[in-house]
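Worksheet for the structure shown next.
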Amino acid sequence: MGTTGQPAIVYLPAGIYKMAKSLQLYRGTVLLGDATQLPTLKAIKDFPNDHIIYGKDPHQPGTNNFMIGIKNIVLDSNNVDPASQITLLDWTVSQATQLSNVIFNMPNFSTGHKGVTTQYNTPTAGNSNVIMNDLTFNGGAIGMDVNGQQWLFKGMSFNRCTTGMNIVSGFNVVVSASTFTDCFTGIDATGASGSLTLLDSNGHNLNALVRSSNSDPAGHFIIVENVKSNSKTVVLNNNALVTGDVSDTWVHGDTVSWLVQSCKVCG
Amino acid sequence: MQFQESGNLNTPRPLSLLVDGKIFTMAPPTYGSLSADRVINVKTVISLPVFGNGIHDDTANINSIFAQNTGKVIYFPAGTYSVSNTITIPPGSRVVGDAYASYFSAIGEKFSDASAPLALVQLGKPGDTGVGQISDMMFTVADVLPGCKLVASLPSSSPNTGLS
């Protein structure tokens, strides 16, 4: 059948589905819930696997995991012991994939639960995902624990996570139009090797919106643009370099002065 | 090059890109608020049959269905919709497919001239303003076609024109 011989659109009507073991997706599989009333996949108390959904097709390296999608679904681990190591979704996938309008419900500030991880069972091939958008993470030790290359994370909402987004690795990460509320850390960027850009986003009641390391020369660049924050906004090596709103652009890293030019088209 | 541990810069943000001070974004539409009578399955219009089988030229009937149903959601079930000329999507149109299984596929000599490229899908005509949304559709070619532009969209002053 080759790699595209058995595509499948799997539609889930509204309801709460008791999950006694995990779901496996394959290349060409799109899992689609009722958009008017999102179905919930709820793990049982003694859930036996380390993920509720394995998004990565095990027959292919992560970088070749194309044409997979999940939309309009709620994943729920509230019945699982908060100290258990469980990840709701493995998303070790590549381009031409979509993950949007999914809600991840975990016990508040649980020590073991994570919403999404991206480095499952790929010792060499990694992943090459490019975008995740319009996802909500409630509770959990980590909402998104991401290890990859390039990303746009758009329209994300993190509530009551110990850490909203943990960048394990990534050389070009843009977070836009996202909100971080009642978390300890919004984004931990210590693992970023290139740049993290936080754009048009809000931090509310956090210990730190962006937390990372500090070095000269910079190990990574941080750009914060049009961000609202009612607490510490950027904390590097435990020092708060920015507190409160950033109405224009704040940067940490190497700047090149000839790039700053007058703008001919702005209003 | 200068290391700045904590620097402030100005980033110009063109007003035409902004809504409420933020660069315009929107979540992919689900159309969950629409009643079923606002959605048309492109393969079930009896007077304008569309095959989507990768063989039959569906151009004329697809264009007619779009022209007669502005303001509705046109659903393209899984299939390859072979098209020999431009599909024009008028303002007010919303198109949704079966994600990676629904293809607009260009075929034929009209798409073969690199000096006069032709659009496979054209959102609106010159002077049109309004909303046009396409989601979960794929765009491809069935042959070597150096004169094919997969999707052409005309700039508009409204931020609500979205291709996703």
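The values are calculated or read from the model by the stated rules, or taken from the named source; none is laboratory data. This is a predicted model, so every value here is computed, not measured. Cβ atoms come from the backbone with ideal geometry, glycine included; neighbour counts cover every protein chain shown.
Laid out as a table, the results:
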read-out	value
Positions within the stretch B:1-44 being within 24 Å of the chain's Cα centre (by Cα) and at positive phi, in sequence order	B:TYR31
Which numbered condition A:VAL256 fails, given (1) over 19 Å from the mean Cα position of the chain (by Cα); (2) at pLDDT 95 or above; (3) aliphatic (A, V, I, L, M); (4) closer than 26 Å to A:GLN149 by Cβ	(2)
Selected residue (criterion: farthest from the chain's Cα centre (by Cα)) from residues of the stretch A:64-82 that are surrounded by fewer than 23 Cβ atoms within 10 Å (Cβ to Cβ) and modelled with pLDDT under 95	A:ASN64
Residue count for the stretch A:190-215, restricted to those that are at pLDDT 95 or above and either surrounded by 17 or more Cβ atoms within 10 Å (Cβ to Cβ) or not in a loop (DSSP other than H, G, I, E, B) (or both)	15
Residue match in the stretch A:18-41 (condition: touching a His at 6+ places or on another chain (Cβ under 7 Å) and either surrounded by fewer than 23 Cβ atoms within 10 Å (Cβ to Cβ) or over 30 Å from B:ALA36 (Cβ atoms) (or both))	yes
Neighbours by Cβ (under 9 Å, 6+ apart or cross-chain): first from the stretch B:53-72, over 15 Å from B:GLY124 (Cα atoms); second of a type in the set (Lys, Arg) and surrounded by 15 or more Cβ atoms within 10 Å (Cβ to Cβ)	B:LYS72/B:ARG94
Residue satisfying all of: in the stretch A:177-187; crowded, with 21+ Cβ neighbours inside 10 Å and in a strand (DSSP E or B); farthest from the other protein chains (Cβ to nearest Cβ) among these	A:THR185
Residue check for A:THR87: crowded, with 24+ Cβ neighbours inside 10 Å and either within 14 Å of chain B (Cβ to nearest Cβ) or among the basic types (Lys, Arg) (or both)	no
Of all residues in the stretch A:135-152 being surrounded by fewer than 22 Cβ atoms within 10 Å (Cβ to Cβ) and within 14 Å of chain B (Cβ to nearest Cβ), the one that is farthest from A:ASN172 (Cα to Cα)	A:THR136
Test: residue in the stretch A:2-15 that is in contact with a strand residue (DSSP E or B) (Cβ under 7 Å, 6 or more places away or on another chain) and farther than 17 Å from B:ASP136 by Cβ	no
Enumeration of residues in the stretch A:139-159 that are closer than 17 Å to A:HIS51 by Cα, assigned to a strand (DSSP E or B) and at pLDDT 95 or above	A:ILE142, A:GLY143, A:MET144, A:ASP145
Subset tally (residues that are more than 7 Å from every other protein chain (Cβ to nearest Cβ) and in a strand (DSSP E or B)) for the stretch B:8-30	2
So A:SER94, is it surrounded by fewer than 18 Cβ atoms within 10 Å (Cβ to Cβ), outside any strand (DSSP E or B), over 12 Å from the mean Cα position of the chain (by Cα) and free of Cβ contacts under 8 Å to residues at least 40 places away in the same chain	no
Residue check for A:SER77: under 28 Å from B:MET138 (Cβ atoms) and in contact (Cβ under 8 Å) with a residue 24 or more places away in the chain	no
Qualifying strands (runs of 3 or more DSSP E) (wholly inside the stretch A:1-79; at least 3 residues being of a type outside the set (A, V, I, L, M, F, W, C))	A:68-76
Out of A:VAL174, A:VAL242, sole residue that is in a strand (DSSP E or B), within 12 Å of chain B (Cβ to nearest Cβ), under 16 Å from the mean Cα position of the chain (by Cα) and of a type in the set (A, V, I, L, M, F, W, C)	A:VAL174
Selection count, the stretch A:220-239, where residues are assigned to a loop (DSSP other than H, G, I, E, B) and either within 9 Å of chain B (Cβ to nearest Cβ) or farther than 14 Å from A:ASP188 by Cα (or both)	2
Counted residues, the stretch B:101-155 - those being away from chain A (no Cβ under 14 Å), small (Gly, Ala, Ser), crowded, with 16+ Cβ neighbours inside 10 Å and not in a loop (DSSP other than H, G, I, E, B)	5
Only listed residue being away from chain A (no Cβ under 13 Å) and in contact with a Ser or Thr (Cβ under 7 Å, 6 or more places away or on another chain), chosen from B:ASP37, B:ASP58	B:ASP58
Residue in the stretch A:182-189 that is within 19 Å of B:GLN4 (Cβ to Cβ), modelled with pLDDT of 95 or more and either touching a strand residue (DSSP E or B) at 6+ places or on another chain (Cβ under 9 Å) or not polar (S, T, N, Q) (or both) present	yes
